[in-house]
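Working notes, beginning with the structure itself.
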Amino acid sequence: MASEFSLRCYCYLNRMQPQYAAFVGTVTQGDLPTEGMASLYIEMAPGNEVFRTVDIAVKATEAKPGAQIVEREFGMFEIHSPRQAAVLESGRIVLERLGLNIEDRIRPQIASTQLITNVDPYQAQLLNRFRRGSMLVPGQTLLVVECYPAAYINFACNEAEKKASINIVHVSSVGRFGRMWLSGTESEARTARDAAIQSLESLEGVVEKY
């Protein structure tokens, strides 16, 4: 199975932060998570494998599915529960059934980071047209982080919120790259950037060139 299945992302969020959980609630089509819940994101290829892996995960414990997405190349799903043990056990059983280990996942890589200080009102308006989170206010600092594989951006965003007083403008975690837009003061944006980078670099896995 390991030779046929690509475990692109396996990332566990031990405690969803208030803003991050609220943002997820605006985009999820499944069970709604709330602050404090544990969450697990698994991304894979081929994309259609997501249906089988979701079935395994939700039958394993009481963890609920928040997302089940298949796009052109990859599939991704998310499960969550107030009980960390339930999420971890579902993830363990999924890996067991696939004949894989966590170390078989692709190690996340940071594709780019940008800090834009004193955001111009016109650029703020452009970004606010598609955001699902907080408004980007002119004059704030905008942090943009891009990573590969895409689903790891959820982990980076949640960890950034733990360490910095920032606003989540938008998170995109589907496709080849994941991206997040955070805003706040310049110092808090730098703290958030460092936390996001550190969190992604802390995860082990197989190195794959994006």
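Computed from the coordinates by the stated procedures, all read-outs in this text should not be read as laboratory data. Since the structure is predicted, the reported quantities are computational estimates derived from the model, not experimental observations. Positions of Cβ are backbone-derived with ideal geometry, glycine not excepted, and every protein chain shown enters the neighbour counts.
For residue 187 and residue 51, the FRET efficiency from 1/(1 + (r/R0)^6), where r spans their Cβ atoms and R0 equals 35 Å, is about 0.20. Relative to one another, the C-alpha centroids of the stretch 151-170 and the stretch 1-53 are positioned 15 Å apart. Qualifying trypsin sites (Lys or Arg not before Pro) in the stretch 142-210, where qualification requires a DSSP coil assignment and no more than 15 other C-beta atoms within 10 Å, comprise 176, 209.
Spin-label pair residue 201-residue 15: with each label point 7 Å from Cα along the Cα-Cβ axis, the two points sit 2.5 nm from one another.
Annotation for the stretch 81-123 versus the stretch 56-70: alpha-carbon center distance of 16 Å. Fewest-first ordering of 197, 166 by other beta carbons within 10 Å of each residue's beta carbon gives 197, 166. Near residue 188, once Lys and Arg are set to +1 and Asp and Glu to -1 for all other residues with Cβ below 13 Å from its Cβ, the sum equals +1. Within the stretch 26-68, the percentage of alpha carbon pairs spaced more than 18 angstrom apart rounds to 28%. In this simple spin-label model, placing a label point 7 Å from the Cα along the Cα-to-Cβ direction at both residue 137 and residue 93 gives a separation of 4.6 nm. Axis of helix 49-60 versus longest Cα principal axis of the chain: the two differ by about 80°, to the nearest ten degrees.
Suppose the Debye formula is applied to equal point scatterers at every Cα of the stretch 109-201; what is log10 I(q)/I(0) at q = 0.23, 0.24 Å⁻¹? One equal scatterer on each Cα of the stretch 109-201 leads to -1.12, -1.21. For the chain, the longest principal axis of the Cα atoms and the long axis of helix 18-27 meet at an angle of about 70 degrees. Using the alpha-carbon atoms, what tilt in degrees (0 to 90, nearest 10) does helix 84-98 show relative to the longest principal axis of the chain? Helix 84-98 and the main axis of the chain meet at about 60 degrees. Most tightly packed first, judged by the mean number of other beta-carbon atoms within 10 Å of their residues, the peptides 52-60, 152-160 read 152-160, 52-60. Fewest neighbouring Cβ atoms within 10 Å first, the residues 182, 142 line up as 142, 182.
With the simple model of a label 7 Å out from the Cα in the direction of the Cβ, residue 29 to residue 209 spans 3.5 nm.
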